[in-house]
Amino acid sequence: MKQQAGRRRPRRPALAAAVVLALAGMNGPWLYRFGTAEYHEYKINRPEYKAANGRWEIMEFPPEYRQDTIHAALLHTGKVLLIAGSGNNQANFDAKKFDTRIWDPVKGTIKKVPTPSDLFCTGHTQLADGSLLIAGGTKRYEKLKGDVTKAGGLMIVHNENPDKPITLPAGTEFTGKANGKTFVSKDPVLVPRAKKVFDRATGAFLRNDPGLGRVYVEARKSGTAYETGTQDNYRIRDLTGTDARNTYGIAQKLALDKKDFQGIRDAYEFDPVAERYIKVDPMSEARWYPTLTTLSDGKVLSVSGLDDIGQLVPGKNEVFDPRTRTWAYTGKTRQFPTYPALFLMLNGKVFYSGSNAGYGPADVGRKPGIWDVGSNKFTEVPGLGDSTRMETSGTVLLPPAQDQRFLVIGGGGVGESKAASRKTRLIDLKAKHPRFVDGPLLAKGTRYPQTSILPDDTVLVSGGSEDYRGRGGSDILQARLYHPGSNSLTRVADPLVGRNYHSGSILLPDGRVMFFGSDSLYGDKENTRPGKFEQRIEIYTPPYLYRGPRPDLGGGPQTIARGGYGTFTSRQASSIEKVRLIRPSASTHVTDVDQRSVALDFTNSGDRITVTVPENRNLVPSGWYMLFIADGRGTPSKAQWVKVP
């Protein structure tokens, strides 16, 4: 018996091990996931990992302060302006619930700001005085075919009276002479007076060219019976006498087709000190998703967008003068798709990278090139190769801005195409014959990549999705640093939140990067549930902030003129290897035309460092900048705000 008992003892641990193995067989995936998650959390928190890859963390505002952020801008107060408008939400639009928040990343405070119009799909850029110019937005939401219940479309109103213009109020009725169907205008319309045309040789009167007005009209009742299929001339109810004889409408097909978004003319300056919107002169054209770009003279160019009847603005570009707060046409037409990525060059011309937000014809205005706005001369640049995949790509002016090199990142096919590009494309605009060349490939085809210039001259490239609006669970949870010197990408820590359409990123004055937004079409990989707008803010702390103490920066002037200099104090002055002026970001649709990092010449002596601002106005447009110094490890100081008048 003792011998038998002795034999059994070694078998008990084996039996226990067998039970554990059996349980592991049944619960293996769970045990594996638990172990993997624990190890991953351990790994990403190790000091050496953070020093090589950085770290991500999620911030959630209190529920009452959350919003569907579409646009964001860093203000010279160090706070971040977060604009939602209606946030791509029809219910918010119908309820006139338009949101803006101001977030202080230092104090952690959040403030609601009254929002005067639906600034969803607006354009914006930094002004010289530190205000943010905001122009355009949403007048009406799109309606897909099947959701449209009343036939409607564009009515062109003609005024043949050369003596006076005429204004027709909203609710004006137009009745077709041939079809007998009546349509009602949704907005007031001003129709200019006719223009008298004379023979240049003889001076004899030839004709009156009618003044033209455009207005969106709808049938009074629902149903297919009110659709029209051909052009007709429309009488205008309640007009009498001369007005009735001289004023009429002409419309093509008025149907139940899809109705696109419609834009507004409203424009505002956001005052970062008073923290409020100030209304300025409206644009001449209504615009939904325009691009605003600073020009050589400090004025701001506004291009493209969908107009107040949902059609692409037909190449009518205009400029805003910050001194008078008024708009004027450029006098020349140049067509672009919605939200084209436009950047001011050193020579005062404007570079169009081909990146865009996509609304508009697939074959109009999509080729990249260099645009002389004054003469309207446009010189195409070759080598892009896949201009049909430029929707929702990212474009960044690589640091330092003096080099005039641009990187175009990823992109997708026109509209809801599943096509996505793995390419990055590099172009040197200082070359005698600029052309795009391929840069390093991305791991996956990437639409909506977020980009931020960092003070160590790298560019953080993160997020995006392989398919349209993250369809099919295609968000890309990866981030990389692009190194302009070696034209290479290195992978860093993975973000925790997927971000696609309506997302962006902002460099903060402390050297970290904030990420916002994401408007997924679906909420699951099978595309069976509607998506939910991502309201969480995510913060990325780059590797350079985990490599030991950072340089300090203090003292110095708050204003430095072009060609002027300023002296600042730093205990690490002798170890400083880079000084950069970085224009604060204003990001929409992953495009940030305000981003630029300017290298400054400097000298150091003792605990002082003297920096010189370049003279070129196009290199350093007037405005507020973040001044960073960085040591040999690439570790930057916290920024000091400097104004360049």
With charges only on Cβ, +1 for K and R and -1 for D and E, what is the dipole size of the chain about its Cα centre, in debye, rounded to 20? 1620
Lysines near K164 by alpha-carbon distance under 28 Å, same-chain residues fewer than 8 away left out - which ones? K177, K186, K195, K196, K316, K332
Filter K258/K444; K432/K643; K377/K430; K259/K299; K139/K418 down to the pairs with a C-alpha to C-alpha distance above 24 Å, please. K258/K444; K432/K643; K259/K299; K139/K418
With a sphere of radius 11 Å drawn around the Cβ of K97, what net charge do the other residues whose Cβ falls strictly inside it have (Lys, Arg +1; Asp, Glu -1)? -3
Using Cα positions and a limit of under 19 Å, work out the lysines in reach of K112, with same-chain residues fewer than 8 apart set aside. K79, K96, K97, K279
The stretch 56-98: GluC sites (Glu not before Pro) in DSSP loop, at most 15 other beta carbons within 10 Å: E60
If you take the charge dipole of the stretch 565-644 about its Cα centre, with +1 on Lys and Arg Cβ and -1 on Asp and Glu Cβ, which of P636, S622, V579 is farthest toward its positive end? P636
From a point 7 Å beyond the Cα of A561 in the direction of its Cβ, which residues of the stretch 592-633 have a backbone N at a distance under 19 Å? 601, 611-625
Evaluate E = 1/(1 + (r/R0)^6) for K96 and E577, where r is the Cβ-Cβ distance and R0 equals 51 Å; express this FRET efficiency to the nearest 0.05. 0.45
Could you quote the convex hull projected area for the chain, Cα atoms only and averaged over all directions, in nm²? 40.8
Starting at 0 and stepping by 10 Å, how many percent of the alpha carbon pairs of the stretch 251-341 end up in each bin? 16, 44, 28, 10, 2, 0
Need one number: nm distance between label points at T490 and D129, each 7 Å from Cα along Cα→Cβ, rounded to one decimal. 4.5
What are the semi-axes of the equivalent ellipsoid of the stretch 565-644, taken as the square roots of 5 times the eigenvalues of the Cα gyration tensor, listed largest first and rounded to whole Å? 24, 15, 10
Would you tally the net charge around D456, using a Cβ to Cβ cut-off of less than 15 Å, leaving D456 out, and scoring K and R as +1, D and E as -1? +4
What FRET efficiency comes out for the pair D552/R323, r = Cβ-Cβ distance, R0 = 51 Å, nearest 0.05? 0.85
Which of S597, S474, S417 has the fewest Cβ neighbours within 10 Å, and the rest in rising order: S417, S474, S597
Using 18 Å as the cut-off for backbone N distance, which residues of the stretch 410-452 belong to the label zone defined by a point 7 Å from the Cα of K525 along Cα→Cβ? 444-445
Return the distance in nm (one decimal) between the two label points of a simple spin-label model at D428 and K177, each offset 7 Å from Cα along Cα→Cβ. 6.5
Starting from the Kirkwood radius over alpha-carbon pairs of the stretch 152-251, derive D by Stokes-Einstein at 37 °C in a medium of 0.692 mPa s and give it in µm² s⁻¹. 231
In the neighborhood of R583, defined by Cβ-to-Cβ distances under 9 Å, what is the net charge if each Lys or Arg adds +1 and each Asp or Glu adds -1? 0
Neighbour counts of other C-beta atoms within 10 Å: give me Y540, Y339 arranged from fewest to most. Y540, Y339
Tell me, I70, I537, I156 in order of fewest to most beta-carbon neighbours within 10 Å? I156, I537, I70
C-alpha long axis of helix 11-44 to longest principal axis of the chain, angle in °: 50
What percent of all Cα-Cα pairs in the stretch 388-531 falls into each 5 Å bin, going from 0 up to the bin containing the maximum distance? 2, 10, 20, 23, 20, 13, 7, 4, 1, 0, 0
Taking a straight Cα-to-Cα line shorter than 15 Å from K578, and setting aside same-chain aspartates and glutamates fewer than 8 residues away, one finds D456, D457, D552, D601, D631
Relative to the compact-globule estimate 2.2 N^0.38 Å (N residues), the Cα gyration radius of the stretch 363-467 stands at a ratio of 1.09
Residue-averaged 222 nm ellipticity for the chain, from DSSP H runs of 4+ at -39500 (n - 2.57), nearest 500: -3000 deg cm²/dmol
Dipole of the chain [Lys/Arg +1, Asp/Glu -1 at C-beta], most positive-end residue of Q335, T240, F320: Q335
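No lab work stands behind these numbers, since they all come straight from the coordinates. For clarity, every value in this text was computed on a predicted model and none was experimentally measured. We place every Cβ from the backbone using ideal geometry, glycine too, and count neighbours over all the protein chains shown.
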